[in-house]
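Values quoted throughout were computed directly from the atomic coordinates according to the rules given, and no laboratory measurement underlies them. Being a predicted model, the structure only gives us computed values, none of them experimental. Virtual Cβ from ideal backbone geometry, glycine too; neighbours counted across all protein chains shown.
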């Protein structure tokens with residue numbers, strides 16, 4: 001039936017009204033209040049803009065290094081400054097550019113690709129951004145102050161320990177990186193939950209865009225992979241600041257433990273960087289080939305395999321530290337194994353190109369550059385997996401060249417492709433083909449000139465991290481060519497940035513869906529409004545825009561779900577993780593000062609620890625914790641969030657009126673990260689116990705058994721009681737809920753008191769022995785969790801008393817219960833490992 | 001004939017991580033077991049690969065291989081029978097179990113030829 005002009009104009013007015021309503025609810029404030037923004041688009045762009053600034057700074061450092069190495073016997077930089085510059089180049093590129101940039105891209109794109117309006121924890125997005133910004137500034141300021149870390153980006157002990165690095169350089173690294181990693185973990189947690197729980201209705205896992213699969217794997221790898229380094233950084237900072245000898249042999253520690261903890265993070269880190277970049281390739285390549293990707297299922301399998309196997313390779317960075325040949329063979333084989341999923345993806349991409357009709361648009365140039373460079377980097381990776389070859393080129397420029405082939409080829413080139421491809425979405429304008437092609441060729445040729453030659457420099461024996469060399473070594477020409485290539489590459493990057501800057505003013509206006517893409521983000525206006533979708537579509541295909549090119553118009557006209565914002569809430573749809581079946585309406589918090597304020601307090605903690613003002617650090621930490629608790633208070637049925645009222649949807653209900661909203665998943669994924677931290681601590685305990693050459697276990701455990709068991713019993717009682725109350729809540733009973741929650745909190749308090757007594761009675765000497773130092777950290781870890789569990793249960797009691805928790809609002813106790821279950825398990829495992837096991841098998845291992 | 005796994009289980013999303021989790025646990029047990037044994041009671045280097053430690057780790061490897069093979073077969077059977085999302089999950093699970101099994105065999109192979117603590 002054809003539409004009459006009258007009804008068409010009525011529809012247009014209705015659509016206009018809907019957009020005004022949504023804009024009023026979702027708009028970003030201006031002026032100072034722009035600091036309170038929690039919207040994913042704005043924050044994703046802030047992440048990327050900040051990452052770009054750090055990329056330029058890291059690039060300048062790289063050019064300083066190449067200028068120094070261009071000729072033999074150069075005195076352009078003093079050795080001390082050179083080591084700072086080299087260390088900061090690696091650190092900035094890995095921690096302040098690569099990861100945050102890709103996270104920013106994911107934060108910006110994922111909601112648009114999976115058909116929703118924002119990420120599930122918008123305040124967490126903002127908190128993550130501020131932690132990143134403050135951490136990055138603190139870390140980079142060390143270079144300006146000429147106090148930068150100088151032990152290499154991997155900070156090996158004992159070089160980075162107090163004895164050999166007495167200045168504050170290592171402290172800047174350890175504290176700054178830990179701060180930045182809070183940001184990475186925040187993004188990892190919320191990207192995981194958003195992808196699993198807020199996809200468009202009907203978008204079952206097997207219909208999800210491949211980019212979302214890649215980001216899901218990356219996010220989970222961050223969640224599991226970053227905590228070992230956070231633990232390592234905490235332990236090393238404790239050793240440097242307080243003298244706890246975790247990495248000092250004479251105190252029963254072992255410097256090799258640092259290498260294990262670092263590379264447990266460091267090797268997966270390579271794939272954390274590579275996977276999203278490969279996701280860009282798997283998204284763009286089918287668009288420009290004009291057909292669906294070949295072997296969607298194979299690619300998904302490759303992503304999952306990479307996510308797991310990449311955690312089983314870390315020792316291949318340590319082949320020369322002296323481990324048994326058989327163990328080396330295990331890790332050598334595992335290192336070769338990881339080439340298989342990468343090869344699967346490469347064959348899938350080649351087959352897609354083969355079977356499609358490729359268009360050689362600008363993004364495709366970067367993709368082809370990626371394919372060439374990354375395959376070369378992968379091949380040298382297989383060479384390095386072979387132990388004898390690895391020994392020969394260990395610590396030479398060959399390894400540096402391989403690393404850059406993998407990381408620049410595997411991350412920067414796809415990222416550039418992605419930036420060019422999604423630029424019209426962000427700005428509404430097209431980039432320049434001519435400038436872009438100049439930028440690509442200069443970068444591609446410059447890169448290969450630098451790093452292909454560097455393989456030979458390494459094979460000729462030039463070690464990495466030396467500030468100059470003698471001309472008699474025969475490395476002059478190779479280094480000069482590498483330096484010329486480096487500056488050529490810089491010119492290419494400058495060209496790309498020029499294009500980026502100019503296109504905002506001179507770029508041709510982008511038509512709708514300018515590349516003919518299949519994914520949902522191109523159904524939006526360019527640039528998209530802050531709420532992305534005026535109405536949320538049902539998606540039952542992997543290629544929604546290829547199957548329905550008019551979908552964007554339908555969405556804008558409000559023809560799909562949640563086309564109403566008169567209630568004033570920021571709403572999106574929550575679905576089942578597997579099927580995408582609709583479960584609830586998720587209401588999101590709006591703009592808030594808490595993320596910025598809490599991150600600023602943590603920055604004060606960081607700086608206070610750097611200058612050793614410990615009382616100030618403690619006060620700032622307590623203030624930050626109070627702010628975070630206040631942040632958590634403004635949830636659920638709180639008037640600032642979603643007060644109980646008549647305009648609530650019933651089918652499906654608001655998530656805070658259910659038992660299993662996304663907040664519960666967020667807590668679950670956050671506890672996964674916590675668990676990885678805990679397992680790393682257990683690994684450290686058993687590692688030092690069995691391997692450390694001067695480890696000393698006391699004949700009698702210093703931990704009092706009655707107190708150990710008593711503290712555990714109090715917490716177990718509280719946890720069981722909480723479970724019982726949860727069962728009652730699920731049955732709709734909330735009589736005496738507040739009292740019960742207060743009593744449960746009191747049991748948490750008793751657990752804390754007995755735990756503190758246990759610590760007090762142990763009379764540990766943590767600066768004298770690594771054994772006591774690990775015991776101290778373990779007990780503090782469990783006490784901190786006990787404290788948090790008790791406080792949160794008490795707050796739930798207060799909320800129940802105020803009517804913010806009850807039979808109609810049963811959600812929050814379910815979230816807190818996860819923490820109680822975690823602490824229950826962790827406490828007893830720790831009690832067994834630290835208190836019982838040494839009693840049973842003795843300390844003489 | 002009874003199915004090796006109930007239908008729903010073969011298409012369960014946990015199949016996406018089960019095989020590789022088993023691989024990871026086996027890998028930790030292999031490396032951890034080797035390291036602890038070499039620290040506590042290393043066999044004489046003259047014994048070569050014919051040691052009790054290699055035998056135990058080899059048996060663990062064979063058992064893991066068997067478990068992964070069984071899981072792969074169960075998922076494969078379900079994938080042939082099912083349609084749509086369940087088929088996708090089961091087929092993906094089968095592939096991942098098979099890869100994990102191949103990974104166990106490949107990484108475990110040096111047990112046959114190398115002395116454990118040299």
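Some points to look at:
- Ratio Rg/Rh [Cα only; Rh per Kirkwood] for chain B: 1.13
- Look at the alpha carbon pairs under 8 Å that are at least 6 residues apart: their mean separation over the length of the stretch A:395-551 gives a relative contact order of 32 percent.
- CD proxy at 222 nm, helix term only [per DSSP H run n ≥ 4: -39500 (n - 2.57); per residue of chain A; nearest 500]: -22500 deg cm²/dmol
- As a calculated quantity, the FRET efficiency between residue A:320 and residue B:109 at R0 = 30 Å, using C-beta atoms, amounts to about 0.85.
- Fully extended contour minus Cα-Cα distance, from residue A:71 to residue A:788, at 0.36 nm per residue: 252.4 nm
- Computed from the C-alpha gyration tensor, the three semi-axes of the ellipsoid equivalent to the stretch A:593-633 are 20, 10, 4 Å, from longest to shortest.
- Folded to 0 to 90 degrees: helix B:15-40 orientation relative to chain B principal axis, Cα: 10 degrees
- Beyond 27 Å, the tail of the calculated P(r) for the stretch A:137-277 holds 33 percent of the Cα pairs.
- Using a cutoff of 8 angstrom between alpha carbon atoms and counting only pairs six or more residues apart, the relative contact order for the stretch A:593-633 works out to 48 percent.
- Order of A:454, A:360, A:101 - criterion: other Cβ atoms within 10 Å of each residue's Cβ, fewest first: A:360, A:101, A:454
- Viscosity 1.002 mPa s, temperature 20 °C, Stokes-Einstein D of chain A from Kirkwood C-alpha radius, µm²/s: 75 µm²/s
- Considering only B:19, B:93, B:66, the Gaussian network model of chain B with Cα springs below 10 Å gives its largest mean-square fluctuation to B:66.
- Cα-derived Rg over Rh, computed across the stretch A:269-420 with Rh taken as Kirkwood radius: 1.01
- Residue order for B:86, A:782, fewest other beta carbons within 10 angstrom first, comes to B:86, A:782.
- Spacing of the two label points (7 Å from each Cα toward its C-beta) at residue B:28 and residue A:480, in nm: 5.5 nm
- Computed over the stretch A:690-845, the percent of Cα pairs more than 27 Å apart is 33.
- Proxy reagent accessibility, fewest Cβ within 10 Å first, across A:473, A:462, A:218: A:473, A:462, A:218
- Nearest-ten-degree value, helix B:52-81 long axis tilted from longest Cα axis of chain B: 10 degrees
- Angle between chain B longest axis and helix B:84-108 axis [Cα atoms, degrees, rounded to 10]: 10 degrees
- Fully extending the segment from residue B:56 to residue B:39 would add 4.5 nm, taking 0.36 nm per residue of separation and subtracting the current Cα-Cα distance.
- Cα gyration tensor, the stretch A:414-558 - rounded (a/c under 1.5), prolate or oblate: prolate
- Computed over chain A: relative contact order in percent, which uses C-alpha pairs under 8 Å that are six or more apart: 16 percent
- Chain lengthening between residue A:761 and residue A:147 when straightened (0.36 nm per residue, less Cα-Cα): 217.0 nm
- Simple label model, 7 Å out from Cα along Cβ direction - residue B:21 to residue A:498, nm: 5.4 nm
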